[in-house]
Structures are given as structure tokens and as C-alpha cells.
1. Would you mind classifying the stretch 97-165 by shape? Square roots of the alpha carbon gyration tensor eigenvalues, ordered a ≥ b ≥ c; an a/c under 1.5 is rounded, otherwise it is prolate if a/b is larger than b/c and oblate if not.
2. Check cross-link reach from Lys262 to the lysines: straight Cα distance under 30 Å, and skip same-chain residues fewer than eight apart.
3. Distance between the C-alpha centers of the stretch 1-48 and the stretch 161-199? Whole Å please.
4. If you roll a 1.4 angstrom probe over the protein chains with everything in place, what fraction of the accessible area of the chain belongs to carbon and sulfur, to the nearest %?
5. Please give the contour-minus-distance gain from Ala201 to Cys121: 0.36 nm per residue of separation, less the Cα-Cα distance, rounded to one decimal in nm.
6. What percent do you get for the relative contact order of the stretch 1-76 when only Cα pairs under 8 Å and 6+ apart count?
7. Out of all DSSP beta bridges in the chain, what portion is antiparallel? Express it as a percent rounded to 5.
8. If you average the C-alpha positions of the stretch 255-297 and of the stretch 81-101 separately, how far apart do those two centres end up, in angstrom?
Amino acid sequence: MEPILLPDANRRWDCLSLGEVMLRLDPGESRIHTTRQFSLWEGGGEYNVARGLRRCFGMRTAIATALVDNALGRLVEDCILQGGVDTSLIKWVPFDGVGRTARNGLNFTERGFGMRAAAGCNDRGHTAVSQVKPGNFDWESIFSRENGSRWLHTGGIFAALSASTADVAAEAIDAARGHGTPVSYDLNYRDSLWRSIGGKAKAQEVNRALVRKVDLLLGNEEDFTAMLGVEVKGVSEDFTELPIAAYEEMLREVAAAYPNLKLIASTLRTAHTAIRNSWGAIALYQDQIVHVPQQEIDILDRVGGGDSFASGLIYGILSGKPIDWAVRCGVAHGALAMTTAGDTSMATLAEVERAIKGGSARIAR
């Protein structure tokens, strides 16, 4: 495996994410089907990484996406602006008055508690970003010397939105690589997105092609199995047993099948209850295994934990840290992100660094 080579810092952005941004509606301690009020955030698998890199780690980030130009779209934009992510690459689609031709996505999510698992209900069909096609973004200009990004992040959620979004992802990745920009891809398998368009067979067809183009591959055991057809042997059905030797074997199998990959990382999660998980990670870089053993953590909202792992890991790489530090940073940032509500991180770099060192939860004042 070759090392990841970073372009110089004289680029407009440190990281550019390509993906959908939705409004997340959270019923708090209630249930979606019984509540009468929701808290609201923005979120999206690829976007969350850019926002985490900006808000926690102070990096310059942007989101390439599409929104319908109505009050809901402008609400999403307002949330993105509050997160400090550059909105200049948003494609605005005219509103037809009712959303027949294009709309903005909604994501209803319950956090879960105790034996009741977190659950989501998406309302994202026919969204503006699902209709983007090759040529809609001028990737050559975006990644050129006049603009440029040190990193591109996208993933399996964006690729699942439609046949054309997978083509757009491929177009963006090709342009990024042509300008020396490393690419990360989070498999992020979602059964609800693939179910009506060919299921796991289609997911594997699409993702195997895209994974052959990227440098850093992220996921968990379900992602690697569903999206690439690579199984982790010996994992129990409820993931209470996560044999590390089997994960190492899986990572090496993926590396052999996709020799373009420079870094492969998997989170390690065992959900004892909705609010008590064991959390860690394992990665393969330059043929060496980096393992951060699981530790028990308390969770307020697990959604976005994997995305925050990704942003912490990418931050470590972009800031020139050793790979073992970068993986620990991802684990720490993911754990902290799951202590607050919403998809996106509210952690600070100081808190992440303290967690990496094993700092306690003693009050700071």
C-alpha cells in the first residue's frame, strides 16, 4: 500500500464534500409517530464530515450539493452557514410551487433509549440533489489551481440517490485525482436507499466501481459486507463479538481486491443499549494494522458518530499527524459527537485532544 500524498496547502479548501444535505427533525424524548414538536438540525453523511472539519478542527471546507430555492432550502442554507461551511458550490433549483419536479429532503430520526434502538424515517424522494447529472458541476474549475481542495470526501449515500449521482461521484473523483487531490469514500450502506433500485446486488455493482477510484475507504462490518460482498468472519448477529483478527483479515482482503486503496478503516461498535455502546476502530495503512480497542461510552444521539470518526481521521492526515494518532482522533471525535444531539459535531479540538489523552469527565471551570 502506498502512502497518502497531500497537495500543498495553497488550495481554496482543505476538504470538499459531495452529498445531500437534509433537514433533520428530532422528536427528542418522544416518538416520530406520537410527537407534536421537533427540534431541527441539518445533516447528511457526506456533509457532516465537512462540517466537523470546519467547526471542530478549524479547517476550510465546502459542500457541493443541490437545493430547491424555497423557504426550506434557505433554512438548510442558513444551518450550513452557521456551521461555517462554504455554500458557494450549492446548485439552486427553481421551486415549482409544490415540489412535483424537485424538493428538499427531510430526515426524521429518533435517538432511541435503553432497549429501544435509534430509528429513522426518510422523506427524500425526488430531491434536487438526486437529480444532478454529470456536467452540472464544473469539476475542472473546482479542483483547478484557481480554486482547489486538499481533499475530496463523498460516499455511498450520495451514490445511492439515483443512477446519475453515482456518475457525478465518479466524475468528481476523476477530476480530483487529476489534480492530485486525495479522495475518501464512506460506504455508509442504507438498506432504505437501495431497496427499490436493486438492493445489495446493485449496491455492490455501483460501489465496487467507485471504490476502485479512491484512496481512503471507510465503513463498518455491515458496510463492507453489503456494499462490497466482503464478510467479517466470526461476528455475532448482534455484534457482541467483534474478533479483531477477523477484521484484520477483512481489511487485507479489501486491500488485495482494490490495490488503489492507501488506507482502509472500520469503526468497531457494539450496541449494548441505545445509550451504552462499546466504540473503537481498526485501520490498515501501508500494510500495518492500527487498532484502537473498544471502550464503553455513553450516548445521547448516535447518528453521525461514524461521520465524526471520518472527519477526525481526515483531520489527523491533513495536519500531518502519525496514522495511529489520526485513528485515535477519529475515535475520540466520534465518541464526543455522540454525546450531543443532532447529526453534526459540537465538540472542540481541545476536547478531542483531551479525550485522546484519556481525560476524565470532571467538570472544567
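1. Oblate shape, in that a/c is at least 1.5 and b/c is the bigger or equal ratio.
2. List returned: Lys133, Lys200, Lys202, Lys213, Lys233, Lys321, Lys357.
3. Centre-to-centre distance over Cα atoms comes out at 16 Å.
4. Values: 7670 of 15550 Å².
Answer for the chain: carbon and sulfur cover 49 percent of the accessible area.
5. Working: separation 80, 0.36 × 80 = 28.80 nm, distance 2.31 nm.
My answer for the length gained is 26.5 nm.
6. Numbers: 90 pairs, mean separation 28.8, N = 76.
Relative contact order comes out at 38 percent.
7. On the way: 30 of 57 bridges.
Antiparallel bridges make up about 55 percent of those DSSP assigns within the chain.
8. After rounding, the separation between the Cα centres reads 35 Å.
The values are calculated or read from the model by the stated rules, or taken from the named source; none is laboratory data. What you are looking at is a predicted structure, and each value in this text was computed from that prediction instead of being measured. Positions of Cβ are backbone-derived with ideal geometry, glycine not excepted, and every protein chain shown enters the neighbour counts. Remember, those area values only see protein heavy atoms, side chains included, never the ligands or the DNA or RNA. Shrake-Rupley method; radii C 1.70, N 1.55, O 1.52, S 1.80 Å.
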